[in-house]
1. Residues 172, 176, 191, 163: which one is assigned to a helix (DSSP H, G or I) and free of Cβ contacts under 8 Å to residues at least 40 places away in the same chain?
2. Examine region 154-164 for a residue that is within 24 Å of residue 57 (Cα to Cα) and out of contact with any Cys (no Cβ under 7 Å at 6 or more places or on another chain), and state whether such a residue exists.
3. When region 190-207 is examined, which residues are found to be surrounded by fewer than 16 Cβ atoms within 10 Å (Cβ to Cβ) and in contact with a Gly (Cβ under 9 Å, 6 or more places away or on another chain)?
4. Could you identify the single residue in 187, 216 that is crowded, with 18+ Cβ neighbours inside 10 Å, within 17 Å of residue 88 (Cα to Cα) and touching a Gly at 6+ places or on another chain (Cβ under 9 Å)?
5. Return the residues of region 131-160 that are hydrophobic (A, V, I, L, M, F, W, C), surrounded by fewer than 16 Cβ atoms within 10 Å (Cβ to Cβ) and either in a loop (DSSP other than H, G, I, E, B) or within 20 Å of the chain's Cα centre (by Cα) (or both); say none if nothing qualifies.
6. Answer yes or no: is there a residue in region 164-180 that is more than 28 Å from residue 114 (Cα to Cα) and small (Gly, Ala, Ser).
7. Scan region 42-64 for residues that are within 18 Å of residue 13 (Cβ to Cβ) and touching a Pro at 6+ places or on another chain (Cβ under 9 Å) and jot them down.
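Read-outs throughout are calculated quantities, based only on the coordinates presented, and are distinct from any laboratory measurement. Since the structure is predicted, the reported quantities are computational estimates derived from the model, not experimental observations. Glycine gets a Cβ as well: all are built from the backbone with ideal geometry, and neighbour counts include every protein chain shown.
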Amino acid sequence: MSHPSRSRNNLPRLVFLHGFSGDRREWRAVGERLTDYPQLFLDLPGHGDNAALTVSGFADVDAWLRATLLSYNILKYWLVGYSLGGRIAMYHASRPSGLQGLIVEGGHPGLTDPAQQEARRHADARWAERFRSEPLENVFSDWYRQPVFASLTDAQRRELVALRSRNNGAALAAMLQATSLAGQPDLRAALRNRNIPFHYLYGEHDSKFGALAAELNAERHPISHAGHNAHRENPAAVAACLAQILRLSIKDPL
């Protein structure tokens, strides 16, 4: 877990949440371009330095997040979350907190069809069994051939497989099932009733999440030259987008 940088000019802290199988370093290339804002980069349960931390579901993850923020005395903040981190951020935003703004990249708001939920539950159970029992290189080689990652080049895919294979397979399996999209509530209604800024980023080549973005009452921001993992594929464009969002959303405290 990265220690938070000091607050500047009373600006709210940016709290970054990575995606499944990532860690707190995932957002660094973006964060280092936003040096005016104090930042905190977290390892989610089951990942990085928190690999041994287990949770039972979204409520449990949210309780961990709130306790972590409180331990740093972070009372006013923006959440910036990618994929799984985005889903956790949206869940958090649907409940009262000190959250002042929400930025999600490629996060699913929730399934609404019971048949899709059941199919996802079985699919995640199969992936979890593979993460527990097979070499991670083999599992991630197949993981990154799922349709949502279709825009990856062979070189990008090999790089991700090598990077993600450093994880603990059993810890990933536990987190995958605890935070399965099958068990996530549909957050659309709660997000419509929010009273904070909500911005949604997606790669221009990520047609699935571009379509999901249109279902949300959020400001939408397509990121050029990027697929599902836009902040990895085009960190400069994502950082520029975040900088603009923050400039327009946060009043000068001076």
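1. 163 is the lone residue from the list that is assigned to a helix (DSSP H, G or I) and free of Cβ contacts under 8 Å to residues at least 40 places away in the same chain.
2. Of region 154-164, the ones within 24 Å of residue 57 (Cα to Cα) are 164.
If we keep only those that are out of contact with any Cys (no Cβ under 7 Å at 6 or more places or on another chain) too, we end up with 164.
Yes, the conditions are met somewhere in region 154-164.
3. Within region 190-207, just 196 meets the criteria.
4. 187
5. 150
6. Yes, region 164-180 contains a residue that is more than 28 Å from residue 114 (Cα to Cα) and small (Gly, Ala, Ser).
7. 64
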